[in-house]
1. Here is the link list: Lys159/Lys287; Lys253/Lys303; Lys159/Lys238; Lys238/Lys287; Lys82/Lys146. Which ones come out longer than 21 Å on Cα distance?
2. If N is the number of residues in the stretch 3-44, what value comes out of its Cα radius of gyration divided by 2.2 N^0.38 Å?
3. Could you work out the relative contact order of the stretch 283-402, using alpha carbon pairs under 8 angstrom and six or more residues apart, expressed as a whole percent?
4. Treat each spin label as a single point 7 Å out from the Cα along the C-beta direction, and report the Leu241 to Ala89 distance in nm.
5. Using the per-residue mean of other Cβ atoms lying within 10 Å as a proxy for protection, in what order, highest first, do the peptides 84-92, 129-137 fall?
6. Cut-off 10 angstrom, C-alpha nodes, Gaussian network model of the chain. Which of Met379, Met388, Met367 fluctuates the most?
7. For the chain, calculate the relative contact order in percent as a whole number, restricting contacts to Cα pairs under 8 Å that are 6 or more residues apart.
8. Using 0.36 nm times the number of residues separating Ile174 and Thr43, minus their current alpha carbon distance, what extension gain do you get?
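Bear in mind these aren't lab numbers, they're just calculated from the coordinates by the rules spelled out. Because the structure is predicted, anything quoted here is derived from the model rather than measured. When we count neighbours, we look across all protein chains shown, and the Cβ atoms used for this are built from the backbone with ideal geometry, even at glycine.
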Amino acid sequence: MPEFAYRARTFAGDDIAGTLTANTQRDAFRALGEQSLFPLEVTAAEPARFPKPFSRRIKTQVLSTNLTQLSDLLASGVPLLKALDVLAANAVPPRLTEVLEDVRNQVAEGVTLDKALARHGDLFNELTISMIRAGLEGAFLEDALKRVAAFLQQQEALKARVLGAMTYPVILAIAGFTVTIVLLVFFVPKFSELFARLEARGGLPWATVALLWLSNVLGRYGLFVALAIGGTAWLLRKQALTPRGRSLIDLWKLRIPLAGPVFLGFAVSRFCRVLGTLLRNGVPLLKALRISSESTGNRLLEKAIRDAAQNVSSGNRLTQPLAQCGLFPRPVMAMISVAEESNNLDDVLINVADGMDRQTSQRLDLMVRMLEPLMLLIMAGIILFVLMALLLPVFEMSATVG
C-alpha cells in the first residue's frame, strides 16, 4: 500500500507531521479523522526509484506485453481505470499486480498516468515515462504505449544479441583471470627459494621482481584486496546513483573508444524519434523539447537540449544551439537545418532516428566482433608476461653457467 506524508492539527491547536499507509488519499484523510486529527495537507510520499531488496525483477517482455494490452484496451474505448483493473487482475507476477494496483489507485486520486508509473522507476525507465507523458499531453496515449512497447522489445532483442556475442569474450576473460590468479598464488611461490638464491648472486629482471611482489601481496593479503575491491565497487555504485555521479558516468560513457559513439548514437536516436513523434502529433516545439530531453538517457545530452530550448524560446533556430554543444553529428544537424527550412521537421527527425539506429547497430556489431580477438590478445599477453618473468632468471642462469 502507498505511503502518504501528512501535516495535521490536534484539538489543542498543535501542528504535527508524519507518514501513514493507506490505499488512497481519501482513506488517509479518513484515518487522520479517526485519530482526532484535522488534516492540513496530505500528499503521496516520495517513492524510492530503485528496487526493494530481494525483490524479483519483472522481465521486459512482460512489461511490453502489458503496455500493448493497455493500448489495445484504451483504443477499444475502455476507460483508463477499468483498463488498469483488468491488467492488474490478469497480471502473472505478484509484484506486477502490486504495481498495477498502486498505479490504478494513484490515477483514481487524480495523479496522471506518467507520474503514477514514475513511482516505480526501477520498472519503467525514463523513455517510457517521457513517451507516456507526451502521449497524455498530445492526446495520442494509445500510440505512445504501442511505441514504448515496440521500443522495449527492440531494446531487449538488442541486449540479447549483445549478451550472446559477449559470451565467448567473457568466458575468455574469466578463464584468463582464473589461470593468472592460480599461477600467482600457488605456482609462483614454489620458485621463491630459487629466485632468492639467484637474486643473491646477481639480481633478478624487473619483470620477475614485479611478479614476485604481486604474488606475495596476493598470497598474504588476497582476502583484504578482494574486500577492498568489493568496497570500492560498492562506493562507486552508490556514488553513481547521485546526480553528479550520473553525469560523470554519462560523460565517461561518451569518451570510451569504440563504445562512446554507440552510446551517443542511441541517445541521439531516442531524442530524434521522440521529438519527431511529439511534433507529428501537434505538441508545441518547446514542450516537445522538454519532454524529449528526458528520453535520451544521457545527462549531458539532456542539458544540451534544455539549453537549446531556452535559445529557441528567445527566437533562435533549433540547429544553432544544438550544433554548439558538439554532441550531434554534422550530417544530423544538416538534415535538421534543411527540415526547419522546409517545415517538415517531424518527418525528418523520424527518418534521422531510423538511420541512426541502423548506423549504431552496425557499429555495435563491429565493436562486439573486435572484443573477441582483443580479449585473446590481452589474456595471452598476461600469461606470456607471467611465463617470461619465471623463465628469464633460468635463461640468465643457464647463460652464466655456459
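1. Lys159/Lys287; Lys159/Lys238; Lys238/Lys287
2. Normalised by 2.2 N^0.38 Å, the Cα Rg of the stretch 3-44 equals 1.02.
3. In percent, rounded to a whole number, it is 11.
4. If labels sit at Leu241 and Ala89, their model points lie 3.7 nm apart.
5. 129-137, 84-92
6. Result: Met388 has the largest fluctuation of those listed.
7. 15
8. Gain on stretching Ile174 to Thr43: 42.2 nm.
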